[in-house]
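**Student:** Have a look at this one.
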Amino acid sequence: MDGTQVMGLRNVNSICSLSEMDDHDLSRLLDKPRLNIERQRSFDERSLSELPMILTRGSYDNYEGMHSPCGRSGIDTPASWDRNSFDPHPIVAEAWEALRRTLVYFRGQPVGTIAAYDHASEEVLNYDQVFVRDFVPSALAFLMNGEPEIVKNFLLKTLQLQGWEKKVDRFKLGEGAMPASFKVLHDPVRKLDTIIADFGESAIGRVAPVDSGFWWIILLRAYTKSTGDLSLAERPECQKGMRLILTLCLAEGFDTFPTLLCADGCSMIDRRMDVYGYPIEIQALFYMALRCALSMLKQDAEGKDCIERIEKRLHALSYHMRSYFWLDFQQLNDIYRYKTEEYSHTAVNKFNVIPDSIPDWIFDFMPTRGGYFIGNVSPARMDFRWFCLGNCIAILSSLATPEQSVAIMDLIEARWDELVGEMPLKIAYPAIEKHEWRIVTGCDPKNTRWSYHNGGSWPVLLWLLTAACIKTGRPQIARQAIDLAETRLLKDGWPEYYDGKLGRFIGKQARKYQTWSIAGYLVAKMMLEDPSHLGMIALEEDKQRKPMIKRSSSWNC
């Protein structure tokens, strides 16, 4: 690889390995037409072979047990389309070419993709780095295309970074923390490659990522499911890496909730947005990572204790989330009629939520049929906002029951204009405005109303929506969303996000050629083409934790 030009950087062999560096809304539902979206049974109710779609890998009893390696391919002819004679959209080849331009090499080996490849931007900031969360859709795209090596390299390199001593302003982070990102520096003179990792010490707001470790575990399982190669997850260093990540999260302390207490800015929503406490995104990822780790940890002396702790937390966490974070029409009416200052175990309003604190918008937004997991629950506080990533992960991980999963899709269908609009997909709804915006965001100029994380529309969320749609037997919802995206994504230069209530405008500070916008589109397309790919990212319902929760009226309408 010596002397080749990639991203304008010269790949050179390194004399320093990572191991050596260790030293150092909004009309009501009945007033608007419903989308003509086909309904099918969810994947939890039937096998993949029953789907009326192109399946090229035979019949499967379930998607949980799938893996199907495919051959490598060139940019213009991805392996899956070669194999299935699928007629791809004209922008697919452009997307693959753009994705490959973002590859980052360490000692001649691809180890990730940079966050954005925007030549027009004067400020690079940290968009030239490989982010753990950003790389996930890229990794899935390469796995689906039969190119697992880059994913394996990424998993191993970030695992070695986990072993570094991590300090933010002289304060040491927990041993299992995973970096938010890393950057490869090439020295052509000394022929030396160096990796610099960021655990939050350089981040805006100096917040360490909580989600990086969870995404790493989820991606390790995706690699294992896609390739059928168990050896990577079984390596001692990977087993230790999973245990270290989970040890940080499973520690017992003063918190009386099984959810994970987090700071603002510790996840995809990486700026102050009032998601501190127990944000749905982190809880859903936490649940999914626990289940993924449970399937990969060895039953040895060190693994048994971790497995027992995971089992206990999963039981408590699933009950807590399904009971207290779930909102539908009936539950909203119940909260509206809550009594306060209740004491003892017989309390119905367990978190002492004041009904007057319910925002006005939610009464018009909530359809009579449908529901979702709200953004946050803590003492005297419920964040009723919709957050896309957390709800999609809840479906994929089966944190959401089959009935709740269907209700989430019903909500998306009923509130299509608000949540999808002209460019999928709202990261959060609704936006925070006026005086509340000043207080909550600290007058953040990037998070103005309907922009960035404050109600912006993010194309990367397409892959999550598509996976959730396939799992719930509603692929047509994903098709309509992808059709919308295809009218603009390439023409607009693959922006990071879009602004406005309907997502009509390219984000005011959005980078062009944002890698996960490109990869998210490719993953969504490949999953629709071959739904068996869902097996690497979705988990079936855990029958042992099947909840004894009374169905609300929205599930019986």
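**Student:** Considering only residues that are at pLDDT 95 or above and charged (D, E, K, R), look in region 108-137 and name the one that is farthest from the chain's Cα centre (by Cα).
**Tutor:** Applying the filter and picking the extreme gives Asp134.
**Student:** Suppose we keep only residues that are assigned to a helix (DSSP H, G or I) and among the acidic types (Asp, Glu) within region 294-305. Which one would you say is modelled with the highest pLDDT? Explain how you work it out, then say what you get.
**Tutor:** Pass one, region 294-305, residues assigned to a helix (DSSP H, G or I): 294-296, 301-305.
Then keep just the ones that are among the acidic types (Asp, Glu); that gives 302, 305.
On the way: Glu302: 89, Asp305: 94.
It comes out as Asp305.
**Student:** Out of the residues in region 213-255 that are surrounded by fewer than 23 Cβ atoms within 10 Å (Cβ to Cβ), over 26 Å from Ala316 (Cα atoms) and among the small types (Gly, Ala, Ser), state the one that is farthest from the chain's Cα centre (by Cα).
**Tutor:** It comes out as Ser231.
**Student:** What residue, of Val132, Val111, Val124, is of a type outside the set (Asp, Glu) and touching a Ser or Thr at 6+ places or on another chain (Cβ under 6 Å)? Steps first, answer last, please.
**Tutor:** Working: Val111 fails: touching a Ser or Thr at 6+ places or on another chain (Cβ under 6 Å); Val124 fails: touching a Ser or Thr at 6+ places or on another chain (Cβ under 6 Å).
Every option except Val132 fails the conditions.
**Student:** For Met296, only one of the following conditions fails: (1) under 24 Å from Ile432 (Cα atoms); (2) open to solvent by 10 Å² or more (accessible area, probe 1.4 Å); (3) of a type in the set (A, V, I, L, M, F, W, C). What is its number?
**Tutor:** Condition not satisfied by Met296: (1).
Residue-by-condition table, conditions (1) closer than 22 Å to Tyr117 by Cβ; (2) not aliphatic (A, V, I, L, M):
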| site | (1), (2) |
| --- | --- |
| Asn447 | no, yes |
| Leu462 | yes, no |
| Thr466 | no, yes |
| Thr472 | no, yes |
| Arg504 | no, yes |
| Lys508 | yes, yes |
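**Student:** Quickly run through region 530-557 and pick out the residues that are part of a helix (DSSP H, G or I) and at pLDDT 95 or above. Working first, answer last.
**Tutor:** Restricting attention to region 530-557, the residues satisfying the condition of being part of a helix (DSSP H, G or I) are 531-536, 543-545, 553-555.
Pro531, Ser532, His533, Leu534, Gly535, Met536 - these are the residues of region 530-557 that are part of a helix (DSSP H, G or I) and at pLDDT 95 or above.
**Student:** Something else about it: State all residues of region 275-293 that are buried (at least 20 other Cβ atoms within 10 Å of the Cβ) and part of a loop (DSSP other than H, G, I, E, B); if no residue qualifies, say none.
**Tutor:** To start, the set of residues in region 275-293 that are buried (at least 20 other Cβ atoms within 10 Å of the Cβ) comprises 275, 277-293.
If the condition is that a residue be buried (at least 20 other Cβ atoms within 10 Å of the Cβ) and part of a loop (DSSP other than H, G, I, E, B), then Val275, Tyr278, Pro279 are the ones that fit.
**Student:** Regarding Asp300, is this residue at positive phi and charged (D, E, K, R)?
**Tutor:** For Asp300, the condition - at positive phi and charged (D, E, K, R) - is not met.
**Student:** So, one more: Here are the criteria: (1) within 30 Å of Leu219 (Cβ to Cβ); (2) surrounded by 13 or more Cβ atoms within 10 Å (Cβ to Cβ). Tell me which single one Ala301 does not satisfy.
**Tutor:** The single condition Ala301 does not satisfy is (2).
**Student:** Sticking with this one: Considering only residues that are surrounded by 14 or more Cβ atoms within 10 Å (Cβ to Cβ) and among the hydroxyl-bearing types (Ser, Thr, Tyr), which ones fall in region 354-380?
**Tutor:** Listed by number, the residues that qualify are Thr368, Tyr372, Ser378.
**Student:** Filter region 304-313 down to the residues that are of a type in the set (D, E, K, R) and either open to solvent by less than 30 Å² (accessible area, probe 1.4 Å) or closer than 23 Å to Ala222 by Cβ (or both) and list them by number. Spell out the reasoning first.
**Tutor:** Applying the first criterion (of a type in the set (D, E, K, R)) to region 304-313 yields 304-305, 308-309, 311-313.
Those that are of a type in the set (D, E, K, R) and either open to solvent by less than 30 Å² (accessible area, probe 1.4 Å) or closer than 23 Å to Ala222 by Cβ (or both): Glu311, Arg313.
**Student:** Can you run down the residue pairs with Cβ atoms below 6 Å, 6 or more apart or on separate chains, where the first is in region 282-300 and under 13 Å from Trp215 (Cβ atoms) and the partner is of a type outside the set (Lys, Arg) and in a loop (DSSP other than H, G, I, E, B)?
**Tutor:** Here the result reads Ile282/Val210; Ile282/Leu260; Ile282/Ser267; Ala284/Leu399; Phe286/Leu260; Met288/Ser397, each pair linking region 282-300 to a residue that is of a type outside the set (Lys, Arg) and in a loop (DSSP other than H, G, I, E, B).
**Student:** Cβ-Cβ below 7 Å, separation at least six or inter-chain, first residue in region 493-513 and within 15 Å of Glu123 (Cα to Cα), second at pLDDT below 95 and of a type in the set (Gly, Ala, Ser): which pairs?
**Tutor:** Arg511/Ser121; Lys512/Ala120
**Student:** In addition: Does any residue of region 314-321 turn out to be closer than 22 Å to Thr472 by Cα, outside any helix (DSSP H, G or I) and open to solvent by 10 Å² or more (accessible area, probe 1.4 Å)?
**Tutor:** No, there is no match, as no residue in region 314-321 is closer than 22 Å to Thr472 by Cα, outside any helix (DSSP H, G or I) and open to solvent by 10 Å² or more (accessible area, probe 1.4 Å).
**Student:** Now, a different point. Of a type in the set (Lys, Arg) and at pLDDT 95 or above: does that describe Arg381?
**Tutor:** On the way: of a type in the set (Lys, Arg): yes; at pLDDT 95 or above: no.
Spelling it out, it is not the case that Arg381 is of a type in the set (Lys, Arg) and at pLDDT 95 or above.
Okay, residues lined up against (1) more than 14 Å from Gly455 (Cβ to Cβ); (2) assigned to a helix (DSSP H, G or I); (3) open to solvent by less than 10 Å² (accessible area, probe 1.4 Å); (4) among the acidic types (Asp, Glu):
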residue	(1), (2), (3), (4)
Ala347	yes, no, no, no
Lys350	yes, no, no, no
Cys392	yes, yes, yes, no
Ser398	yes, no, yes, no
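**Student:** So, in region 166-214, of the ones that are in contact with a helix residue (DSSP H, G or I) (Cβ under 8 Å, 6 or more places away or on another chain) and of a type in the set (S, T, N, Q), which residue ends up nearest to Thr259 (Cα to Cα)?
**Tutor:** Step one: list which residues in region 166-214 are in contact with a helix residue (DSSP H, G or I) (Cβ under 8 Å, 6 or more places away or on another chain), which gives 174-182, 194-195, 197, 209-214.
Restricting the remaining residues to those that are of a type in the set (S, T, N, Q) gives 181, 194, 212.
On the way: Ser181: 25, Thr194: 37, Ser212: 17 Å.
Filtering region 166-214 for residues that are in contact with a helix residue (DSSP H, G or I) (Cβ under 8 Å, 6 or more places away or on another chain) and of a type in the set (S, T, N, Q), the one nearest to Thr259 (Cα to Cα) comes out as Ser212.
**Student:** Quick check, is Glu308 at pLDDT 95 or above, over 19 Å from the mean Cα position of the chain (by Cα), under 21 Å from Gly213 (Cβ atoms) and of a type in the set (Asp, Glu)?
**Tutor:** Numbers: at pLDDT 95 or above: yes; over 19 Å from the mean Cα position of the chain (by Cα): yes; under 21 Å from Gly213 (Cβ atoms): yes; of a type in the set (Asp, Glu): yes.
Judged against the criteria, Glu308 is a match.
**Student:** Of (1) open to solvent by less than 10 Å² (accessible area, probe 1.4 Å); (2) under 23 Å from Glu281 (Cα atoms); (3) of a type in the set (D, E, K, R), Glu201 satisfies all except one. Which?
**Tutor:** Looking at each condition in turn, Glu201 falls short on (1).
**Student:** Could I ask something else about it? Those residues that are surrounded by fewer than 22 Cβ atoms within 10 Å (Cβ to Cβ), hydrophobic (A, V, I, L, M, F, W, C) and outside any loop (DSSP other than H, G, I, E, B), I need them from region 162-194; list them, please.
**Tutor:** Val168, Phe171, Leu185, Leu192
The values are calculated or read from the model by the stated rules, or taken from the named source; none is laboratory data. Bear in mind the structure is a predicted one, so any value in this text is a computation, not a measurement. As a convention, Cβ positions derive from the backbone with ideal geometry for all residues, glycine included, and neighbour counts pool all protein chains shown. Remember, those area values only see protein heavy atoms, side chains included, never the ligands or the DNA or RNA. Shrake-Rupley method; radii C 1.70, N 1.55, O 1.52, S 1.80 Å.
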